[in-house]
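> Below is the structure I would like to discuss, written out as structure tokens.
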Amino acid sequence: MTQAMTEAGDTLFNEARGGITIDGLTFTRYGDDRLREECGVFGIFNHQDAAAITALGLHALQHRGQEASGIVSYDGRKFHSERRMGLVGDNFSKARVLERLKGRMAIGHNRYSTTGDPLIRNVQPLFCDIDTGGFAVAHNGNLTNALTIRRELISSGAICHSTSDTEVILHLLSRSKKRRTVERLIDAIRQVEGSYALVCLTNDMMIGARDPIGIRPLVIGRLGPSYVLASETCALDIVGAEFVREVENGEVVVITDDGLESHRPFPKRAARPCIFEYIYFSRPDSIVGGRTVYEIRKQMGVQLAREAAADADVIVPIPDSGVPAAIGFSRESGIPFELGIIRNHYVGRTFIEPEQRIRQLGVKLKHSANSSVIRGNRVVLIDDSVVRGTTSKKIVQLIRDAGAKEVHMRISSPPITHPDFYGIDTPSKRDLLAANMDLEGMRAFMEADSLAFLSVNGIYRSIGVDARDDRNPQFTDHCFTGDYPTELTDQSGESPPRQLSLLAEVG
Ligand code: AMP
């Protein structure tokens, strides 16, 4: 059966521009310098306002990706797709857009990509028409053998339409010899490696799938008779859905008019969710692994105060990411918590700016010192993580300029020494501060009076685990340890592809 598809919202964006060079890196017109997805996914099955509910869910997941979003719905006859650059609220709050997304089932995606030209054809959900019908997919994560598979596909005659790693899933699905769509999807995901939380839509079912060790999150909710799938519980809360459970690692859930059916297509393995969800990624009010992220982040501050006390007058968070840990640090140390930095909420996340010059400007636009609580004081600054060190360096200067006597930097996670390949945007080793400097070097770079990071075991303890089990680590923590939990096939060649455009790579 073939499905008709409307794509009224699709507009070409920037495709005509040529390559540009920023800080020595060349980004081609085809987009990113590497495959990089850092996203939020949502889906609802059997609801009269499926598209509107999906838009709300995506809005709650906006922190997971602000570059673009898309919704695909199915109305019993046709699939409808709207994919737009920009924020959910700017694109999906208008009745006329939502009215075009007809039907009682819909899935959606927020995309975050960091460098190069954003392309509408990379915006998800991706859709394809195969001989079992239409199939739409929204993916959070990153496949670490996507380039390798893609090269093979192209040399066997496949035509690729996006530069997204997710597209290989559609090709593998379409080539599968299995009869049923679910079996085909299982066939496809057995061939990929890396991380994925998928929400898929066909003409009669919604499917959720998590990679064998559950690196990226995915939860199941109920809204009356409707089923919901979402990256985080905060997206259930916004639509008033009740949390049922997490999709487990290696599980595929199939939701139809008959209810939810669970498949376990992989050999049983222990879960290893990404520890960075607790540190930075998830929204503080989300519940991950049974505990609120907010409580865990506060606990990271408590732990940090125990490991790296400071003689000071005030504890000041770098907002918003440092706030919960600063509350914990203040409680444990007895030093008062003060909002010594005011954040302008109308500027996007610093990291979202794709080039270094703009990123630096972003920090200035975003943060102002509240001098009344800084002047004459010894200040402990708390942030959740250091990536390039841009934020810390700027903020230390800001606080000194506001009259601080001393500035002590405390980071509620360990030094990030290794890049991520599973959907978190951390740059290559060359740009990671902690991969290039020791503690004293970093302190000097930031021009802080002292600097300390939370230990790896401190993070585990904050999450409620006594210590890291080095033989079977309970979390995916490669950013701090270099212990990558999956194969990294695309990285294993002589010249790993991370700095190349995907299309340049395949010639
Ligand atoms: P940097 O200025 O490069 O050291 O980045 C550190 C800041 O970026 C901290 O305030 C973090 O809260 C934030 N951050 C850390 N990891 C990420 C990420 N993957 N995406 C966006 N922001 C991040």
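> Tell me, Kirkwood radius of the chain from alpha-carbon pair distances, in Å?
23.3 Å
> Quick check on packing: order 81-88, 41-48, 262-269, 186-193 by the mean number of other C-beta atoms within 10 Å, highest mean leading.
Ranked by mean Cβ neighbours within 10 Å, highest first: 41-48, 81-88, 186-193, 262-269.
> Find how much the distance from Arg375 to Thr256 grows on full extension, using 0.36 nm per residue of separation minus their present alpha carbon separation; answer in nm with one decimal.
Here the answer is 36.7 nm.
> Shifting gears a bit: How high is the relative contact order of the chain? Use alpha-carbon pairs under 8 Å, at least six apart in sequence, and give a whole percent.
Relative contact order of the chain: 14 percent.
> Ranked from highest to lowest mean number of other Cβ atoms within 10 Å per residue, what is the order of the peptides 460-467, 194-201, 210-217?
Packing proxy ranking, top to bottom: 194-201, 210-217, 460-467.
> Cβ neighbours within 10 Å, averaged per peptide: list 474-486, 233-245, 365-377, 150-162 in order, most packed at the top.
In decreasing order of mean packing, 474-486, 233-245, 365-377, 150-162 become 474-486, 233-245, 365-377, 150-162.
> Further question on the same structure: Could you work out the relative contact order of the range 205-335? I mean the mean sequence separation of Cα pairs under 8 Å and 6+ apart, divided by the number of residues, in percent.
It comes to 21 percent, rounded to a whole number.
> Compute the long axis of helix 356-366 from its Cα atoms, compare it with the longest principal axis of the Cα atoms of the chain, and write down the angle in degrees, 0 to 90, nearest 10.
70 degrees
> Note the angle between two axes, namely the Cα long axis of helix 50-60 and the longest principal axis of the Cα atoms of the chain, as a number of degrees from 0 to 90, rounded to the nearest 10.
The answer is roughly 20 degrees.
> I want the local charge near Ala235. Using Cβ-Cβ distances under 12 Å, sum +1 for each Lys or Arg and -1 for each Asp or Glu among the other residues.
Once all neighbours under 12 Å are counted, the net charge is -1.
> Can I ask one more? By how many degrees, 0 to 90 and rounded to 10, does the Cα axis of helix 146-155 deviate from the longest principal axis of the chain?
The angle comes out at about 30 degrees.
> Can I ask one more? Grab the DSSP H runs of the chain that are 4 residues or longer, score each as -39,500 (n - 2.57), total them, divide by all residues and round the 222 nm result to the nearest 500 deg cm²/dmol.
When only DSSP H runs of four or more count, the value is -7000 deg cm²/dmol.
> Here's a follow-up. Between Asp311 and Lys405, what is the label-point separation in nm under the 7 Å Cα-to-beta-carbon projection?
Modelled inter-label distance: 1.1 nm.
We did not get these values from a lab; they are worked out from the coordinates using the rules stated. Predicted, not measured: the structure shown is a model, and the values here were computed from it. A quick note on method: Cβ atoms are made from the backbone with ideal geometry, for glycine too, and the neighbour counts reach across all protein chains shown.
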